[in-house]
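Below is one structure; the comments refer to it alone.
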Amino acid sequence: MAETFKVLEVVCPTCGKVKNVNVPEAIFSQKKFGSIKIQIPINAVCPEHQFIVFVDTKGIIRGYEKIDILMDTVSPIVDRETAGRVNLKNLIQIFGIYGIFSLIHGKIFNYPSYVIKDENFQYDEALLNSVGDNLLPETYRGSKTIYIIEDPDINKIKVKDKDALILDTSQHIFQTPWSIKLKFEEQIIKRALEIIDEEEQLKLLQQDISNLIKEVHYTVSILEEVDQIYEDDLAVKISKALSIKKTSTYHLNLIKEFIRRNISKKIVSKIKNRVGEFLSVI
Ligand SMILES: [Zn+2]
């Protein structure tokens, strides 16, 4: 089956370099998904920057998002020795760096993830799920969240789930069910990639994720004791108790998302926002 392409004129959002990028026509002929995210790795448009392009079904670029990771550590050529092994480098080569942020986010926050595979993709569901599970503390392991879709035809995808991440193995992301930015994932992957040893990379990721979950558990213990609490008071309590720097709104949103997705929606509703309250009075 010969694939036809549409040419997109892509501009690097950091330095303005322009280059045409071929995108499979099938991406636009599908009607299931609105705007999709296309990952632009280093050297595809710019030798120095990688980023995401948001494209609608008419092929019009709607926006860009920068990815602030230097990828010197990930060469585009799979080296023979580690080819086929499941490690961070190989997974990034397959899914793209933003695809990996998304898959990790899906795993931590318990969103189902659907992977549309191409013919070269060689991992099975069980393997991907166990890799994902290994990032989590034991009590959160074991639920299957990653599913592989064998048919590459986008129009045949039968995922009705609005809560699902849907991506393929060619750097396209069709649906992300969250609105939060993947800053946490970017930060932990960045740290992990600074380490050469593969096992140590995984351990560091585990550690960063388990630290987040520790904050989650502490937050839950506070919430269990109160009827309601203001967001900023909660942030101060968490940072004091765990001796960490002041919990940012972003970080608190991560904690809330984790509780909502993994523990209880009800308990999150105890967290109040002063601005919201003020506006509702007007
Ligand atoms: Zn650039």
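Data table
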quantity	calculated
Long-range neighbours under 8 Å by Cβ, at least six apart or interchain, first residue part of a loop (DSSP other than H, G, I, E, B) within the stretch 252-273, second surrounded by fewer than 16 Cβ atoms within 10 Å (Cβ to Cβ)	K270/V226; K270/D227; K270/Q228; N273/Y230
Only listed residue being touching an Asp or Glu at 6+ places or on another chain (Cβ under 6 Å) and modelled with pLDDT under 95, chosen from I67, I116	I116
Candidates L182, L205, L193 - the one that is among the hydrophobic types (A, V, I, L, M, F, W, C), in contact (Cβ under 8 Å) with a residue 24 or more places away in the chain and in contact with a His (Cβ under 8 Å, 6 or more places away or on another chain)	L182
E9 being assigned to a strand (DSSP E or B) and in the same structural domain as F101 (by TED's automatic domain parsing)	yes
Subset of the stretch 239-268 [of a type in the set (S, T, N, Q) and surrounded by 15 or more Cβ atoms within 10 Å (Cβ to Cβ)]	S239, T247, N253, N262
Matching residues in the stretch 12-37 - criterion: being in a strand (DSSP E or B), within 16 Å of the ligand (Cβ to nearest atom) and touching a residue at least 24 places away in the same chain (Cβ under 8 Å)	V18, K19, V21
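The values are calculated or read from the model by the stated rules, or taken from the named source; none is laboratory data. A quick note: this is a predicted structure, and the numbers were derived from the prediction, not measured. All Cβ positions, glycine included, derive from the backbone under ideal geometry; neighbour counts span all protein chains shown.
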